[in-house]
Amino acid sequence: MPCIQTKVNVSISPEQETRLKTGFGELMPILRKSEDWLMLTFEDRCRLYFKGEDRPAAFVEVKLYGAAGPDAYDRMTAAVTALLNKELNIPSERIYVKYEEVTYWGYDGSNF
């Protein structure tokens, strides 16, 4: 049950959003998860400053039921930054990726 929340200070076209959605889905095996449970949010044109500047930047939060381990997180960060660079021209050095391992995750009136 991953949830990936992406905030960027650039515009995301409908076509780019579709490619990002597909790309994030393809990354799920890195975290040993399935796209079947993946939830995504995209917020574009955020007022986002990094190192004091409003040049293209991104903040990505990956919330994960359970844990994936340091190697998986390293590979995921590399893949996420490559995807955002390819689709939105955001340099990898202007992207933060945060991971949160969640113990309790509610769904359909109960918890996993």
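Some points to look at:
- Qualifying residue in the stretch 41-58 (condition: touching a Gly at 6+ places or on another chain (Cβ under 7 Å) and either within 30 Å of Phe112 (Cβ to Cβ) or not small (Gly, Ala, Ser) (or both)): no
- Of the residues examined, Ser34 is one that is in contact with a helix residue (DSSP H, G or I) (Cβ under 7 Å, 6 or more places away or on another chain) and hydroxyl-bearing (Ser, Thr, Tyr).
- Condition check for Val10: in contact with a Leu (Cβ under 7 Å, 6 or more places away or on another chain) and outside any helix (DSSP H, G or I): yes
- Close pairs (8 angstrom Cβ cut-off, 6 or more residues apart or separate chains): free of Cβ contacts under 8 Å to residues at least 60 places away in the same chain in the stretch 61-85, part of a helix (DSSP H, G or I) and open to solvent by 60 Å² or more (accessible area, probe 1.4 Å) anywhere: Thr81/Ser92; Ala82/Ser92; Asn85/Ser92
- Residue that is open to solvent by 50 Å² or more (accessible area, probe 1.4 Å) and acidic (Asp, Glu), where the choices are Glu100, Glu87: Glu100
- For Phe50: the one exception among (1) open to solvent by 70 Å² or more (accessible area, probe 1.4 Å); (2) over 15 Å from the mean Cα position of the chain (by Cα); (3) of a type in the set (A, V, I, L, M, F, W, C): (1)
- Check on Leu40, surrounded by fewer than 16 Cβ atoms within 10 Å (Cβ to Cβ), at pLDDT 95 or above, in contact with a helix residue (DSSP H, G or I) (Cβ under 7 Å, 6 or more places away or on another chain) and under 30 Å from Tyr104 (Cβ atoms): yes
The values are calculated or read from the model by the stated rules, or taken from the named source; none is laboratory data. Keep in mind it's a predicted model, so treat the numbers as computed, not measured. Counting neighbours? That spans all protein chains shown, and the Cβs are built from the backbone with ideal geometry, glycine included. We work out accessible area using only protein heavy atoms, side chains counted, and drop any ligands, DNA or RNA first. Shrake-Rupley method; radii C 1.70, N 1.55, O 1.52, S 1.80 Å.
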